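Novice: Encoded as structure tokens, here's the structure I'll be asking about.
The values are calculated or read from the model by the stated rules, or taken from the named source; none is laboratory data. Source: prediction; values computed, not measured. Note that each Cβ is placed from the backbone with ideal geometry, even for glycine, and that neighbours are counted across all protein chains shown. Each accessible area value is taken on the protein alone, full model and side chains, heavy atoms only, with ligands, DNA and RNA left out. Shrake-Rupley method; radii C 1.70, N 1.55, O 1.52, S 1.80 Å.
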Amino acid sequence: MDKFTTFTGVAAPLRRSNVDTDQIVPAEYLKRVTRSGFADGCFASWRKDPGFVLNQPVFANAQVLVAGPDFGTGSSREHAVWALQDFGFRTIISSRFADIFRGNSAKTGLLTALVEQDGVEQLWKLIEANPGVSISVDLEHKLVRCETVTLPFEIDEYTRWRLMEGLDDIGLSLRHADAIDAFEAARPSFKPTTSARA
Amino acid sequence: MGRTLAEKLWNDHVVARADGEPDLLFIDLHLVHEVTSPQAFDGLRAAGRRVRRPDLTLITEDHNIPTLDIDKPIADPISAEQVRVVRRNAQEFGIRIFSMGDLENGIVHVVGPQLGLTQPGMTVVCGDSHTSTHGAFGALAFGIGTSEVEHVLATQTLPLKPFKTMAINVDGELAPGVTAKDIVLAIIAKIGTGGGQGYVLEFRGAAIRALSMEGRMTICNMSIEAGARAGMIAPDETTFEYLKGRPHAPQGADWDAALAYWRTLVTDADASFDAEVHIDAASLSPYVTWGTNPGQGLPLSANVPSPADAKDDNDKAAIARALEYMGLTAGTPLRDIPVDMVFVGSCTNGRIEDLRAAAEVLKGRKVADSVHMLVVPGSVKVRQQAIAEGLDRIFMDAGVDWRFAGCSMCLAMNPDKVPSGKRAASTSNRNFEGRQGPGSRTHLVSPQVAAATAVVGRLASPADLEG
């Protein structure tokens, strides 16, 4: 996972709430067995509408998505994160994210910056007044900047640290291998296994 | 200070705890299916890691499999590839798999409970958001993403951030014809699709205690539709009765030891929740959704809402957009909405009790000519049970398209889809745009409402069929 400290990119406004993961990447794109190549599935159904915001040429290279509340609800598909990343996004800004989506994003280095809804509205207005404008995301100081506006964002300290260091979760957990062994040894015998029983 | 059920389960599974880091929790059961696992196994291979506990891992094929012609190769080459890959991974890593055609095959969240693998006091994960289903047994059960699937395969643990607890108290008694599905649709309509965010929900109260395990699973299944991390119900005699004698339930002395532990799995009287919600069961009636998220639901007796009813601008835009997508006009009575298709099945309502409920309504009646109705059992075992009880005859006599087991029409990943522009009443869990196929329109309902709707041809409850 690449280290994430600060980042600046063109921002796109998505004035919709409850953007569920079926919209971010429809199920038909989930049949792949690879980890990449999901860009064509990103908002696939909405992109069929020529008027959809991400179809505007000025947002063709957008890397920061400013979305309405409850972004990423629904299915646990991590493909939603991969699709957003493959499409070019490095950061999603919203006033509320679904838990599983936010967890998945942290695993693969997509920053989800939680900004108050007032701030989201400010960003939408700035972008719409000046399409193509960039937003800077400063993970170290937990700030997003757009022209004259600077807004704080929330992210938990542990995720922030992991993103900034680019650390792999499995490696971090395996530091506790002895504790896992000890826990397993103490588990009660009535706990089931999946092995076939006569 | 007492502890909630969720806090007890959490504490019983902490492997390692350090300041500034998430707790590392042990996972008792890891369920795997073909859609969210291939990249996880690839990750293991790339890192040279093995599956730490294949004996706590189980694979089923469900999302992609067809519900017709299951004796033939899967026609869709991409679905076939996904199933081929999961079988190869099962073999390479030594994990038990229930493939299409196996007697134990079925939807992952139907298979775990019916085998008795899901038990009180366990941590259960799966790369599927509806893993919350297993919380019905007093387990801490939640959906995870593919990176986490890889993490659990490699370590049998997960680093997890703390959660908040919310009590959903459903007191009183349900009126006849009102079901677990109506309770959960009413809860989501009340607290919203983000209302449970960050919380583990505990469903409590007389109306919950009165539910069967099937009904409890329906409710916990849809916890995720309220945005919750998990949903759970404290185990009781109903739970123990359901588990006793199942293939993977404890036996002999283990059963007694397990039972003694399970009986401690209740929220202490002096424990407090971070939030509480109250619902009066007696006030509920059959619910249906009218919009494009599960929180957009109303009693069947209501009318399609108007953007003018919205509480804020965001909500106003959401209602307007939902009505446009759904092809509905504000003010229309929900009972006047005609449907083209009816789907009974899924991990929400694909269990034997759900099929019995649909059959009871359909017995001696016919599905309307304008309606195509699918009944899809959640597992092969459910299908066999339905046949043993003669439910298949009732369905076929009524003109139902009676299928083999699978996820089917819930999610448009297999041949069963709702065509573009067509409207379905579905017992599944999501009414998102395009969920049941591109352009499909979904109304979420209970099995009883689904069956009555199929007969009438418009959204209806069994009471509408009488007289």
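Novice: How many percent of DSSP beta bridges within the protein assembly as shown run antiparallel, rounded to 5?
Specialist: Rounded to the nearest five, the antiparallel share is 30 percent.
Novice: Which trypsin sites (Lys or Arg not before Pro) does region B:42-124 hold that lie in a coil by DSSP with at most 14 other beta carbons within 10 Å?
Specialist: Loop-located and lightly packed - B:Arg50.
Novice: Rounded to two decimals, what is Rg over Rh for region B:189-325 when you use alpha-carbon atoms and the Kirkwood radius?
Specialist: 1.07
Novice: 5 Å is the cut-off here: which amide hydrogens, built 1.01 Å from N in the peptide plane, fall below it relative to B:Met373, excluding neighbours closer than 5 in sequence?
Specialist: Excluding prolines and chain starts, which carry no amide H, the hits are B:Val342, B:Asp401.
Novice: Determine ³J(HN,Hα), in whole Hz, for all residues of region B:85-102 in sequence, where each value follows from phi through the Karplus function 6.51 cos²θ - 1.76 cosθ + 1.60 and θ = phi - 60°; x replaces Gly and Pro.
Specialist: So the J values, rounded to whole Hz, are 5, 5, 5, 5, 5, 4, 5, 5, 9, x, 10, 5, 9, 10, 7, 3, x, 5.
Novice: Can you tell me the alpha carbon radius of gyration of region B:1-132 divided by the globular rule-of-thumb value 2.2 N^0.38 Å?
Specialist: 1.21
Novice: Does region B:280-369 come out rounded, prolate or oblate by the C-alpha gyration tensor, with a ≥ b ≥ c the root eigenvalues, rounded set by a/c under 1.5 and, if not, prolate when a/b is larger than b/c and oblate if not?
Specialist: Here region B:280-369 falls in the prolate category.
Novice: Sticking with this one: Given 10 Å bins starting at zero, what is the percent of C-alpha pairs of region B:227-268 in each, up to the one with the largest pair distance?
Specialist: Over region B:227-268, the share of Cα pairs per 10 Å bin runs 25, 49, 21, 4 percent.
Novice: Separate question: Give, rounded to the nearest 20 debye, the magnitude of the charge dipole that chain B has about its Cα centre when Lys and Arg contribute +1 at Cβ and Asp and Glu contribute -1 at Cβ.
Specialist: Values: 44 positive and 56 negative charges, 133 e Å.
Approximately 640 debye in magnitude.
Novice: Can you classify region B:113-228 as rounded, prolate or oblate using the Cα gyration tensor, where a ≥ b ≥ c are the square roots of its eigenvalues, rounded means a/c under 1.5, and otherwise it's prolate if a/b beats b/c and oblate if not? It would help to have the intermediate numbers written out before the result.
Specialist: Numbers: a/c = 2.25, a/b = 1.61, b/c = 1.40.
Prolate.
Novice: Share of region B:67-180's accessible area from carbon and sulfur, percent, 1.4 Å?
Specialist: Exposed carbon and sulfur together represent 57 percent of the surface.
Novice: Sticking with this one: Could you work out the local net charge near B:Trp10, counting Lys and Arg as +1, Asp and Glu as -1, over the other residues with Cβ closer than 10 Å to its Cβ?
Specialist: Overall, the nearby charge balance is -1.
Novice: From the backbone phi of region B:113-128, what are the Karplus-calculated ³J(HN,Hα) couplings (6.51 cos²θ - 1.76 cosθ + 1.60, θ = phi - 60°) in whole Hz, Gly and Pro given as x?
Specialist: x, 5, 7, x, 6, 7, 10, x, x, 9, 9, 10, 10, 6, x, 6
Novice: Can you give me the % of accessible surface on chain A that is carbon or sulfur? Probe 1.4 Å, all protein chains present, nothing else counted. Mind dumping the intermediate values first?
Specialist: Details: 3900 of 7870 Å².
Roughly 50 percent of what the probe reaches on chain A is carbon or sulfur.
Novice: Can I ask one more? If you take every residue apart from B:Val382 with its C-beta less than 15 Å away from the C-beta of B:Val382, what net charge results, scoring Lys and Arg +1 and Asp and Glu -1?
Specialist: That works out to -2.
Novice: Oh, and also: Which residues' amide hydrogens lie under 5 Å from the amide hydrogen of B:Ile144, considering only partners 5 or more residues apart or on another chain, with H built in the peptide plane?
Specialist: Sorted by chain and number, the residues that satisfy this are B:Cys126, B:Gly127, B:Asp128.
Novice: For a 26 Å ceiling on Cα separation, which of these pairs sit above it: A:Lys142/B:Lys8; B:Lys190/B:Lys363; A:Lys3/A:Lys142; A:Lys125/B:Lys161?
Specialist: Correct reply: A:Lys142/B:Lys8; B:Lys190/B:Lys363; A:Lys125/B:Lys161.
Novice: Relative to the isolated chain, which residues of region B:432-459 have their accessible area cut by 10 Å² or more in the presence of all protein chains (1.4 Å probe, heavy atoms, no ligands or nucleic acids)?
Specialist: B:Phe432, B:Glu433, B:Arg435, B:Pro438
Novice: To the nearest 0.05, what FRET efficiency results for B:Ala46 and B:Leu103 with a Förster distance of 45 Å applied to their C-beta separation?
Specialist: Working: r = 35 Å, r/R0 = 0.78.
The formula returns an efficiency of 0.80 here.
Novice: For the protein assembly as shown, what is the accessible area per residue in Å², given a 1.4 Å probe and the full set of protein chains?
Specialist: 35 Å²
Novice: Additional query: Would you compute, from DSSP H runs of 4+ residues alone, the mean residue ellipticity of chain B at 222 nm, taking -39500 (n - 2.57) per run and dividing by the full residue count, rounded to the nearest 500?
Specialist: That calculation yields -9500 deg cm²/dmol at 222 nm.
Novice: Excluding residues fewer than 8 places away in the same chain, name every one of the lysines whose C-alpha is closer than 17 Å to that of B:Lys417.
Specialist: A:Lys31
Novice: I would also like to ask the following. R0 = 41 Å: FRET efficiency of A:Ser36 with B:Glu389, Cβ-based, nearest 0.05?
Specialist: 0.30
Novice: Please list, in order along region A:116-133, the HN-Hα scalar couplings obtained from phi with the Karplus expression 6.51 cos²θ - 1.76 cosθ + 1.60 (θ = phi - 60°), rounded to whole Hz, x for Gly and Pro.
Specialist: Whole-Hz 3J(HN,Hα) from phi for region A:116-133: 4, 4, 4, x, 4, 4, 4, 5, 4, 5, 4, 5, 5, 6, 9, x, x, 5.
Novice: In what sequence, largest accessible area first, do A:Lys31, A:Lys3 appear using a 1.4 Å probe?
Specialist: Numbers: A:Lys31 20, A:Lys3 135 Å².
Greatest to least solvent exposure: A:Lys3, A:Lys31.
Novice: Between B:Met396 and A:Gln56, what is the spin-label point distance in nm, taking each point 7 Å from the Cα along the Cα→C-beta axis?
Specialist: 5.8 nm
Novice: Among rounded, prolate and oblate, which fits region A:53-198 when a ≥ b ≥ c are the square roots of the eigenvalues of its C-alpha gyration tensor, a/c under 1.5 means rounded, and a/b larger than b/c means prolate? Could the numbers behind the result be given before it?
Specialist: Details: a/c = 2.89, a/b = 2.20, b/c = 1.32.
Since a/c reaches 1.5 and a/b is larger than b/c, the shape of region A:53-198 is classed as prolate.
Novice: Could I ask something else about it? Roughly how compact is region A:84-130, stated as its Cα Rg over 2.2 N^0.38 Å to two decimals?
Specialist: Against the compact-globule rule of thumb, the ratio is 1.25.
Novice: Let me ask something else. Using a 1.4 Å probe, how large is the accessible area of B:Ile279, given in Å² and rounded to the nearest 10?
Specialist: Its heavy atoms expose roughly 20 Å² to the probe.
Novice: Given the -39500 (n - 2.57) contribution per DSSP H run of 4+ residues, what per-residue ellipticity at 222 nm results for chain A, rounded to the nearest 500 deg cm²/dmol?
Specialist: -8500 deg cm²/dmol
Novice: For B:Trp402, what accessible surface area do you get with a 1.4 Å probe? Give it in Å², rounded to 10.
Specialist: 30 Å²
Novice: To continue, here is another question. Enter the per residue convex hull volume of chain B, computed from alpha-carbon coordinates, in Å³ rounded to the nearest integer.
Specialist: Taking only Cα atoms, chain B has a hull volume of 152 Å³ per residue.
Novice: Sticking with this structure for a sec: Where the eigenvalues come from the Cα gyration tensor of the protein assembly as shown, what are the semi-axes √(5λ) of the equivalent ellipsoid, largest first, in whole Å?
Specialist: After diagonalising the Cα gyration tensor, the semi-axes are 35, 32, 24 Å.
Novice: Next up: Starting from the amide H of B:Phe98, placed 1.01 Å from N in the peptide plane, find each other amide H under 5 Å away whose residue is 5 or more places distant or on another chain.
Specialist: B:Ile59, B:Thr60, B:Glu61
Novice: Further question: In terms of solvent-accessible area of protein heavy atoms at a 1.4 angstrom probe, what is the ranking of B:Ile352, B:Ile70, highest value first?
Specialist: B:Ile70, B:Ile352
Novice: Which residues of region A:67-91 show a drop of at least 10 Å² in accessible area when all protein chains are present, compared with their chain alone (probe radius 1.4 Å, heavy atoms only, ligands and nucleic acids excluded)?
Specialist: A:Pro69, A:Asp70, A:Thr73, A:Gly74, A:Ser75, A:Ser76, A:Arg77, A:Glu78, A:His79, A:Trp82
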